[in-house]
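Shown next, in structure tokens, is the structure this report addresses.
The values are calculated or read from the model by the stated rules, or taken from the named source; none is laboratory data. Model, not experiment: these values are computed from the prediction. Note that we place each Cβ from the backbone using ideal geometry, even for glycine, and neighbour counts take in every protein chain shown. The area values use the complete protein model at the heavy-atom level, side chains included, leaving out ligands, DNA and RNA. Shrake-Rupley method; radii C 1.70, N 1.55, O 1.52, S 1.80 Å.
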There are 2 protein chains.
Amino acid sequence: MSDSGLRERKKQQTRTALIDTALDLFLTQGYETTTVDEIAAAVNVSQRTFFRYFATKEEVALACFVETEHAFFAEFMLRLDHEAPFAALCTAWRTIMQTTILSNTERSQRFRKSVRLAEMSPILFAGNLRRNLKVGKQLADAIATRWGIDPEADPRPILIVEFFWAAVRVGTGLCIHPDTTDLEELSTRIDETLAIAGEALRFGWDTPPVQQAESSGAIS
Amino acid sequence: MSDSGLRERKKQQTRTALIDTALDLFLTQGYETTTVDEIAAAVNVSQRTFFRYFATKEEVALACFVETEHAFFAEFMLRLDHEAPFAALCTAWRTIMQTTILSNTERSQRFRKSVRLAEMSPILFAGNLRRNLKVGKQLADAIATRWGIDPEADPRPILIVEFFWAAVRVGTGLCIHPDTTDLEELSTRIDETLAIAGEALRFGWDTPPVQQAESSGAIS
DNA sequence: CTAGTATATGTCAGCAGCTGACACTTAATG
DNA sequence: CATTAAGTGTCAGCTGCTGACATATACTAG
């Protein structure tokens, strides 16, 4: 419908140009001290045009997380049918990491820069948290639907997802902070943290309720 | 040194006035659509003065969380010596909830408004996440110190704290969303969610490592 | 009580993020 | 080639936020 036209190609081109130069500028001179005008000027584009591509300055920094999230969600849905939720989240995540990040494409380069950025700037980190939260709700809804329970009343689906995100964040933070920014280091650290988190969670906790008579009576 | 002077009293007065009118305006007409000028005008104060009290518009909305956090941290530290971390977090939280929120003082009113606000506006929610994160690091550091481990290398302290925050957030969300904004409802729901989370976490997982020979070899 | 000092506030100018409106250029379509 | 639609630039303007300077008000010493 709208593929491979000259127009579309140009659009994609300026979009990636904006992302790349923005990431580089952010990394070299800081996120908050870099103005949108600078980015736009570096791509020979007006500031107004920038904001037609990205609603906010934050969006350009976290842009490449969006597609990854979509892929992740799809992967998760594939596994949800025959895996426990937490395990499905972990394996889906690992898969996405392998295909998206560990490959040495331009996309993976961008992704790594974004990860570093999000770890450096508290604002970007918070923005990323917001994204996680949004996707998390969708994931939790999927789990709840699979289990046939009400996601608004039963905390377990969201808890599972939040635990998972927590582990991912902690793993990422551990990897970035100390020294290395290796590709595999990141993946390994997150895997380790996920493993610890998974070990912490009681066996069977993230499995469907085979027979639940009470709504929330599993306490005490 | 600086208590109970006329000046100090006035300052405190305008500060609380700013908070209260800000919260009311935010709740009635939305956070983002309310301008700082409106708030300042409603308190008969210049916009510049507003920003001398609060660094950002966000800060006034989440102001009353700060003191609560301090109290929470202090409570936690008291219990860390003779309780497992996750349990200490839960009991400390419950204590703070009892004394700060369930009491029907003006402070509790403000707190409830802030909770509702933070649940309504994604931006404020993210801001709150950032605060949680910051306090979380301090809490994790305390746990790591108590355990005699390196918080930058071992993910468990941060994981414990993040799991706790996740449960608190989920519980709060469950309570706010459906209907009631009861005082006790909030506390009860969070307690329930914390109980579920606590049940999910394996017994002994958040206890100090009595003999750890390997650094991260607990992974199957 | 008065004079002097410190502190809080107001005013003003200005920057950065972001948006609507309008005009212009350029690619797509017949 | 002419028409249409889409992308872009320019401009004006709002909101959040800050520095600089002047003014008013509370504290303090004599």
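Computed with a 1.4 angstrom probe on protein heavy atoms, the B-A interface buries about 3300 square angstrom of accessible area in total.
The spacing between region B:17-41 and region A:18-80, judged by their C-alpha centroids, is 31 Å. Ranked from shortest, the separations from the 7 Å Cα-to-Cβ label point of residue A:104 to its equivalents in the other copies are 6.9 nm.
Position residue A:145: other-copy label points at 4.8 nm, ordered by increasing distance, label point 7 Å along Cα→C-beta.
The residue A:99 and residue B:13 beta-carbon pair, evaluated with R₀ = 60 Å, returns a calculated FRET efficiency of approximately 0.50.
In this label model, residue A:24 and residue B:184 are separated by 6.3 nm, measuring between points 7 Å along each Cα→Cβ vector. Sorted into 10 angstrom bins from 0, the C-alpha pair distances of the protein assembly as shown split as 4, 19, 28, 27, 17, 6, 1, 0 percent. Sorted from closest to farthest, the other copies place their residue A:74 label points 5.4 nm away, with each point set 7 Å from Cα along Cα→Cβ.
Were the residues from residue A:33 through residue A:51 laid out at 0.36 nm apart, the gain over their Cα-Cα distance would be 4.7 nm. Need the per-residue list for region A:151-177: every residue with at least 50 Å² less accessible surface in the complex of protein chains than in the chain by itself, probe 1.4 Å, sorted by number. Those residues are A:152, A:155, A:159, A:163, A:170, A:174. Can you give the angle from 0 to 90° between the axis of helix B:106-120 and the longest principal axis of chain B, with both taken from C-alpha atoms, to the nearest 10? Taking the Cα atoms of chain B, the angle to B:106-120 is about 80 degrees.
Once both labels are positioned 7 Å from their Cα atoms along Cα-to-Cβ, the gap between residue A:107 and residue B:83 label points is 4.7 nm.
In the context of the full set of protein chains, residues of the protein assembly as shown present 50 Å² of accessible surface per residue (probe radius 1.4 Å, heavy atoms only). Between residue B:116 and residue B:152, the FRET efficiency from the beta-carbon distance, with R0 = 41 Å, is close to 0.65.
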